[in-house]
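Structure first, commentary second.
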Amino acid sequence: MLFYPSTKHSEQPPQTNRENLGYLNRLRTQAAWAVILLHVLLGMIDGLTPESGNWWLAHSICLLCQWAVPVYVMISGALLLDPNKQETPQAFYRKRLARIGLPLVAWTSFYFVVRRVFDHEPVGPFYIFDHLLAADPPYHTFYLFLIAGLYGLTPVLRPYIQYAQPRERRQLVVLILGLTAGYGLCNALLWQNQRYLLTFYLLYLGYYLAGYELRHLDLQRIKPKFIILAVILSVVYIAILVPTYMRYDGRINGRFVIGYDSLPVMVLSLAVFAWTRNRQERRPQGPGWFDRICEKIAPQTFGIYLLHLTLLIGLREIAGDQGDDLHFIPVALVVTAVVFVMSWGLTWLLQKIPLLQRLV
């Protein structure tokens, strides 16, 4: 999960001591890169010629990067929903509050200040209240509220995971994801991509449950016909939304028309998680060089996620909004790499400072 250390040091229940969870480190690291690339491109799209080839390419890459947040949620579900963890609900809530409470308050407050100082928005008590109520905290801090909501459900979900049959659990995952995709389609077409603080995290419940199921599922049981059907339905889903996507330049109320609650992103996210796990299981020779790098980076991915936008905003203030129809892809990749490395280094340093380590 985003807030967990490397799986090298993760606590495992007795019956999974031999389970290799190294693929979660790879997922964390790749997701951190995808989040940064997504935000880099979003800062460049406005400078591209609308509906040009490069404009569509940039939007397509943005959509292909959206698997990152759902995969973080699935990693959380894979680890936290384990019914064999011996802890009371009270102990669970105390532990999770200690881990997420301070970062949620501190980083949300910090990015509200950034909104006021650098984006020149009228940030005040009513502004903050309205944005929080609409589940629209500044920038990417919505994830902190999202994961806090799922934490609240975890002690209730663990007994269900323990006593329900695997087939029943997986049917429930499919049902929840299907209902969520239907809601996402209606929300984009009819309701202006609205969301609300007390309920929006429920749209990620299917991902949360799916993480646990994908951790334990025999991936060989997934028949090709289901994969083909999922791809066909995703193409149809996108085709339905293309006119709306073009009308609003891809976003409504600052959110993607084809977002985390859409069928194509669901299929992509599940596929990335399953493919990464399957790839590890097909490598009997053990972890390669990239896996060893990911193991070292994984403990800093929470900080990378939180810090990278600070660096991007700083670069924006120095260089201005950049949109180059000719070189935007190379520029985006270079900026992503630089910001990733800087965010990793800063997180590593903050983790060495006792007063600040709890923030990352």
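The values are calculated or read from the model by the stated rules, or taken from the named source; none is laboratory data. Just so you know, these numbers come straight off a predicted model, no measurement behind them. Cβ placement follows ideal geometry from the backbone for every residue including glycine, while neighbour counts extend to all protein chains displayed. Side chains included, ligands, DNA and RNA excluded: accessible areas come from the protein's heavy atoms. Shrake-Rupley method; radii C 1.70, N 1.55, O 1.52, S 1.80 Å.
Just the residues that are assigned to a helix (DSSP H, G or I), within 19 Å of Phe129 (Cα to Cα) and open to solvent by 10 Å² or more (accessible area, probe 1.4 Å), please, taken from the stretch 180-211. Within the stretch 180-211, just Tyr201 meets the criteria. Among the residues making up the stretch 260-293, those that are more than 29 Å from Leu175 (Cα to Cα), out of contact with any Phe, Trp or Tyr (no Cβ under 9 Å at 6 or more places or on another chain) and part of a helix (DSSP H, G or I) are Trp289, Phe290, Arg292, Ile293. Those residues that are free of Cβ contacts under 8 Å to residues at least 12 places away in the same chain and either open to solvent by less than 60 Å² (accessible area, probe 1.4 Å) or of a type in the set (Val, Ile, Thr) (or both), I need them from the stretch 272-318; list them, please. Hits for the stretch 272-318 are Gly286, Gly288, Gly314, Ile318.
In summary, Gly250 fulfils each of the numbered conditions (1) open to solvent by 20 Å² or more (accessible area, probe 1.4 Å); (2) in contact with a helix residue (DSSP H, G or I) (Cβ under 6 Å, 6 or more places away or on another chain) with the single exception of condition (1).
Within the stretch 349-360, take every residue that is free of Cβ contacts under 8 Å to residues at least 24 places away in the same chain and in a helix (DSSP H, G or I) and give me the one that is nearest to Thr29 (Cα to Cα). Restricting to residues being free of Cβ contacts under 8 Å to residues at least 24 places away in the same chain and in a helix (DSSP H, G or I), the top hit is Leu349. Within the stretch 334-348, the set of residues being surrounded by 13 or more Cβ atoms within 10 Å (Cβ to Cβ), among the aliphatic types (A, V, I, L, M) and free of Cβ contacts under 8 Å to residues at least 12 places away in the same chain comprises Ala337, Val338.
Just one residue in the set Tyr72, Tyr93, Tyr111 is more than 17 Å from the chain's Cα centre (by Cα), of a type outside the set (Lys, Arg) and buried (at least 17 other Cβ atoms within 10 Å of the Cβ); that residue is Tyr111. Of the set (1) part of a helix (DSSP H, G or I); (2) open to solvent by less than 80 Å² (accessible area, probe 1.4 Å); (3) among the acidic types (Asp, Glu), all apply to Glu121 but (1). Tallying residues that are out of contact with any helix residue (DSSP H, G or I) (no Cβ under 6 Å at 6 or more places or on another chain) and acidic (Asp, Glu) within the stretch 207-234 yields 1.
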